[in-house]
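What follows is a short report on a single structure.
Every number in this text was worked out from the coordinates using simple rules, so none of it is lab data. From a predicted model like this one, the values you see are computed outputs, not experimental measurements. Counting neighbours? That spans all protein chains shown, and the Cβs are built from the backbone with ideal geometry, glycine included.
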Amino acid sequence: LPLALGLYTVNAVYGDTITMPCRLEVPDGLMFGKWKYEMPNGSPVFIAFRSSTKKNVQYDDVPDYKDRLSLSENYTLSIKNARISDEKRFVCMLVTEDDVSEEPTIVKVFKQPSQPEILHQADFLETEKLQMLGKCVARDSYPEGNVTWYKNGRVLQPMEEVVVINLQKAVNKSTGLYTMTSSLQYKPTKEDANAKFSCIVTYYGPSGQKTIQSEPVVFDVHYPTEKVTIQVLPQSSTIKEGDNITLKCSGNGNPPPQEFLFYIPGEAEGIRSSDTYVMTDVRRNATGEYKCSLTDKSMMDSTTITVHYLDLQLTPSGEVTKQIGEALPVSCTISSSRNATVFWIKDNTRMQTSPSFSSLQYQDAGNYICETTLQEVEGLKKRKTLKLIVEGKPQIKMTKKTNTNKMSKTIVCHVEGFPKPAVQWTVTGSGSIINKAKETKYVNGKFSSKIVIAPEENVTLTCIAENELERTVTSLNVSAISIPEYDEPEDRNDDNSEKVNDQAKLIVGIVVGLLLAALVAGVVYWLYVKKSKTASKHVDKDLGNIEENKKLEENNHKSET
């Protein structure tokens, strides 16, 4: 028990039991012991009596202590349910026949306050405005405590027009307990957006000074917009025709602005909208500078949008029908917002060069695709198709050869034309159709029909080729099987055939030349001999040698022969 002002003091906790020993030695001849307390004016109020002889205890009729007192045999006084009103000077008295001894004790009562709470919190705080942040309330303390405000763990010191603190203390008359209320007026800044505010109550307990802290509170700090930002969504590096674009405008204030003015190319006035402005299926004319501002036309931001486009013009396109040998100019023209890549595809195979037709052939027919893509613009691709049909009247060439077994002959009808001609064979005279013909595959407008025959006599075979354009008829005389015949080999290609033809022509030319040279030499020699014969006749007449003339005539006759 600490000693205060030279007196013993008992520190008690509110609501607990106060225990006060009588700090006197029990004298001989003790008659009884008593406890009293002193009124503020010094007058005594007796509250308990114990006889040493009869061992009985009596408690005085004092309303404040009814049923709360207990006096032990060693004259220790206990008071249940300590109250603030129990803070008094109590005196223990031991009485004998000759003397009265007294020993005072001071009672101090302490009550810990409840955990402080921040009440009447502001819904939000506005920068540059001094306003009530809240009130820190700590209830039922004894003795009275003190309240301190903190921000992010640091003490908030009062500052004029920035931090204004007002502490009020109220006492409950029935209990004597104090309630401390500290109000805080505060002028926040943007940096206080996530600040933690709390308060701490400092109080005194039986063992000294202690503190209790409130739960921290974070306030929504409102501040004006200082910067506007415009964005293009989705955040793609490229925009192409047909895309949907969303313009989003935002301000860095809190709360953020809910409405803006959007400035669109071609529009004289700003368009009032929420924080987003949507454009669907954009075209190339949407390229330009876009702006947004606050509704008061302050704080503007801008961005540039480029809408990429790609046009492809194929001439001619669709289905085109031309005649073999005709010319067909083809052009694929590109118009785009940046460099484009162009390539051609024919019948699902990529071509190395662009198609150009000065003289159409059957192999030129097919499906042509001109396709283009825009570099670095995903999904921007265009293609157009040309379906080229090359038509031609049937063309026929017939060949024959005697087979190696000498027992049959093969007759081939080589046919060109589109649409594919139908082929029929006939034999002149009988007119019967030969149905045993075999056809090769129809490729690039060409195919052949082949029959094998063994004629007993000379015959004429006729090949008839017919399509929608024309009917073509060609005949070929074929000798009896006993007479071998050979024509140009049907299996050689055109180049080889041309080479063979050229060689044959060369050989025939040489032979004809040699024959002509020999003929000329014979004529010259004959003329020479004839002149010699005439001269000899004249001489013989002159000489009259009949025998020699006969011999000369015989020689001349031999020479002529």
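Applied to the stretch 128-135, the Karplus parametrisation 6.51 cos²θ - 1.76 cosθ + 1.60 on θ = phi - 60° returns per-residue 3J(HN,Hα) values of 6, 9, 6, 8, 6, 7, x, 10 Hz, with x for Gly and Pro. When the Cα atoms of the stretch 44-114 are aligned to their principal axes, the ranges along those axes come out at 51, 22, 20 Å in descending order. 3J(HN,Hα) along the stretch 358-364, derived from phi through the Karplus expression 6.51 cos²θ - 1.76 cosθ + 1.60 where θ = phi - 60°, amounts to 8, 8, 5, 10, 4, 5, 6 Hz, with x in place of Gly and Pro.
With N residues in the stretch 228-305, what two-decimal value do you get for its Cα radius of gyration over 2.2 N^0.38 Å? Write out the running numbers ahead of the final one.
Values: Rg = 12.2 Å, N = 78, 2.2 N^0.38 = 11.5 Å.
Scaled against compact globular proteins, the figure is 1.06.
Distances between placed amide hydrogens fall under 5 Å for residue 391 paired with 322, 323, 324, all partners being 5 or more residues away or on another chain.
When the helices in the chain are scored as -39500 (n - 2.57) per DSSP H run of 4 or longer and the sum is shared across all residues, what 222 nm value do you end up with, to the nearest 500 deg cm²/dmol? Let's see the in-between values first.
On the way: 2 runs with 65 residues, N = 561.
Calculated mean residue ellipticity at 222 nm is -4000 deg cm²/dmol.
Rounded to the nearest whole Hz, the Karplus-based 3J(HN,Hα) values (6.51 cos²θ - 1.76 cosθ + 1.60, θ = phi - 60°) of the stretch 192-209 follow the sequence 7, 4, 10, 6, 9, 9, 8, 9, 10, 9, 9, 9, 10, x, x, 9, x, 7, with x at glycine and proline. Put a dot 7 Å past the Cα of residue 102, heading toward its Cβ, do the same for residue 173, and the two dots end up 3.3 nm apart. For the stretch 302-404, the equivalent ellipsoid derived from the alpha-carbon gyration tensor has semi-axes of 42, 14, 9 Å in decreasing order.
Of all DSSP bridge pairs formed entirely within the chain, close to 90 percent run antiparallel.
Remark: the chain carries a charge dipole of roughly 1640 debye about the Cα centre, counting +1 on each Lys and Arg Cβ and -1 on each Asp and Glu Cβ.
Please report, in cubic angstrom per residue, the volume enclosed by the convex hull of the alpha-carbon atoms of the chain.
On the way: hull volume 270.6 nm³, N = 561.
Considering the Cα atoms of the chain, their hull volume per residue is 482 Å³.
Among beta bridges from DSSP that stay inside the stretch 310-390, the antiparallel ones total about 85%. Applying both filters, DSSP loop and at most 10 other Cβ atoms within 10 Å, to the GluC sites (Glu not before Pro) of the stretch 110-168 gives 128, 160, 161.
One way to sum up the overall shape of the stretch 393-478 is the equivalent ellipsoid from its Cα gyration tensor, whose semi-axes run 23, 14, 9 Å, largest first. At full extension, residue 304 and residue 473 could sit 53.6 nm farther apart than now, given 0.36 nm per residue minus the alpha carbon distance. Extension gain, residue 160-residue 442: 0.36 nm per intervening residue step, less the Cα-Cα distance, totals 91.1 nm.
On a 26 Å Cα-Cα criterion, which of the cross-link pairs 401/446; 322/420; 387/446; 401/438; 36/80; 55/108 come out too long? Please list the in-between numbers first.
Working: 401/446 21 Å; 322/420 15 Å; 387/446 20 Å; 401/438 16 Å; 36/80 16 Å; 55/108 30 Å.
From the list (401/446; 322/420; 387/446; 401/438; 36/80; 55/108), the Cα-Cα distance tops 26 Å for 55/108.
Between the residues 236, 258, 273, the greatest Cα displacement towards the positive end of the dipole of the stretch 228-305, with unit charges on the Cβ of Lys, Arg, Asp and Glu, is found for 236. Between residue 46 and residue 341, full extension at 0.36 nm per residue minus the direct alpha carbon distance yields a gain of 94.8 nm.
Under a 5 Å amide H cut-off, with hydrogens placed 1.01 Å from N, residue 12 pairs with 108, 109, 110 among residues at least 5 apart or on other chains.
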